[in-house]
Structures are given as structure tokens and as C-alpha cells.
1. State the number of residues belonging to the range 125-158 that are free of Cβ contacts under 8 Å to residues at least 12 places away in the same chain and under 30 Å from LEU68 (Cα atoms).
2. Among the listed residues ALA183, ALA179, ALA160, ALA119, which satisfies the condition of being surrounded by 14 or more Cβ atoms within 10 Å (Cβ to Cβ) and closer than 30 Å to ALA6 by Cα?
3. Those residues that are open to solvent by 10 Å² or more (accessible area, probe 1.4 Å) and under 21 Å from ALA63 (Cα atoms), I need them from the range 17-34; list them, please.
4. If you go through the range 126-148 one residue at a time, do you hit one that is open to solvent by 70 Å² or more (accessible area, probe 1.4 Å), under 24 Å from ALA29 (Cβ atoms) and at pLDDT 95 or above?
5. Kindly evaluate ALA122 against the criterion of being hydrophobic (A, V, I, L, M, F, W, C) and either in a strand (DSSP E or B) or touching a Leu at 6+ places or on another chain (Cβ under 8 Å) (or both).
6. Just to confirm my filter: which strands (runs of 3 or more DSSP E) fall fully inside the range 4-84 and include at least 3 residues that are free of Cβ contacts under 8 Å to residues at least 24 places away in the same chain?
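The values are calculated or read from the model by the stated rules, or taken from the named source; none is laboratory data. In this text, all values refer to a predicted model and were calculated from it rather than measured experimentally. Every residue, glycine among them, receives a Cβ derived from its backbone with ideal geometry; neighbour counts consider all protein chains shown. These area figures cover heavy atoms from the full protein model, side chains too; ligands, DNA and RNA do not enter into them. Shrake-Rupley method; radii C 1.70, N 1.55, O 1.52, S 1.80 Å.
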Amino acid sequence: RVTVDAPARRIVTLAPHLAELAFAAGAGAHVVGVSSYTDWPEAARALPVMAANGEVELERLVAAQPDLVLAWTSGVPRQQVARIERLGIRVVSIEIRRLEDIALWLRRLGALAGTSAIAERAAGQYERELAALIATHRGRTPVITFYEIWHDPLMTLSGAHLVSQILGVCGGRNVYADAPVLAPVV
């Protein structure tokens, strides 16, 4: 559930995908800080970096005077989120676990930023494109797929990760879907 007294006007995103979501939801003009590796959309590249590798630069964050921080639940340590909240800054933690969550969060971010009309259009377009992609690959023989996330040691992702769902939508089948851990070493 997302409620706001007033739309967020100064937003910091602590993961690249959260910046992408904020921009897609129409809140890009309100994003005043991002995390390292944020490179899309192009406008996000010019924004100050407030976090790197799960570590938030609190001084830079406070200096940016955000009224909302978007944190990646599994990418920003809980103690970092708690420190930001203790400073009186509102934090919304986001975890995308299913492809359907993307449209959900576009709408929620639109509500938070006062850009609901733009966010609704983006969410609707995303849902239509996802449905078309699923329909395109339905009934086809899946392509056996290996997805490398790191080379030394060689690592991949299990079927519990969103990437496996993405592979499935695109006609692939993750060869490590049954692995017992989220990111197994091969």
C-alpha cells in the first residue's frame, strides 16, 4: 500500500533498475541522485551518485535533501535503510520478484511522485508488451539456456530468480532452474 501527503519532489534511487522505474513512471525530473552503474535512461547518467555496492554515502544523500529514497530490498543492507530512516527521510523498499511486479511498481511510483497518469500509461504498455511476448513463445519448444552472472567463479541463477521468469517468457528454459540456491556456483 502506498500513501502520500504530498507528491515526492526530490527522489534518490539506490539501484539502477529503480532509477529506470522512476523515469518510466514519469518521475525522472524529480530524481536528484542515483547509485553507481545507473546508465539508463541517458538523463540518469548525469545525476550525482549517492550509493555504490550497497553502501550509501549518507553525507551526499543528506545534502541532496530527498523527500523519498527508493531502496532495493535485497541490494541495500537493512542497516543502511534504517540509518536513512533515522535521519527522517522516507524510504520505500522495492523488490521485483515477478514480471507483474514491474507494472505494480510503476503505478505505485506514479502515486508517490504525483505522476499517476504517466505511470498508468507506462504500466499498461508494459503489460500489453509482456502479454504479446508470452503469446509469441507459447507452445514453442523452449531453448535450453545458461545465464552467466559472474565468470570467476562461474556463477548462474536458479529458477527462483526473476531472470528465469524472463528467460521463460522469451522462450528459454534455465538449465539451473532446479538449483537449491539463488545464485549457485557452477
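1. Selection size over the range 125-158: 3.
2. ALA119
3. Selection gives GLY28, ALA29, HIS30, VAL32.
4. No, because not a single residue in the range 126-148 is open to solvent by 70 Å² or more (accessible area, probe 1.4 Å), under 24 Å from ALA29 (Cβ atoms) and at pLDDT 95 or above.
5. yes
6. Per the criteria, 31-35.
Okay, residues lined up against (1) over 17 Å from ALA29 (Cα atoms); (2) touching a strand residue (DSSP E or B) at 6+ places or on another chain (Cβ under 7 Å); (3) open to solvent by 20 Å² or more (accessible area, probe 1.4 Å):
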position	(1), (2), (3)
ALA51	yes, yes, no
GLN65	no, no, yes
ARG78	yes, no, yes
SER93	yes, yes, yes
ILE96	yes, no, yes
LEU99	yes, no, no
GLY114	no, no, yes
ALA123	yes, no, no
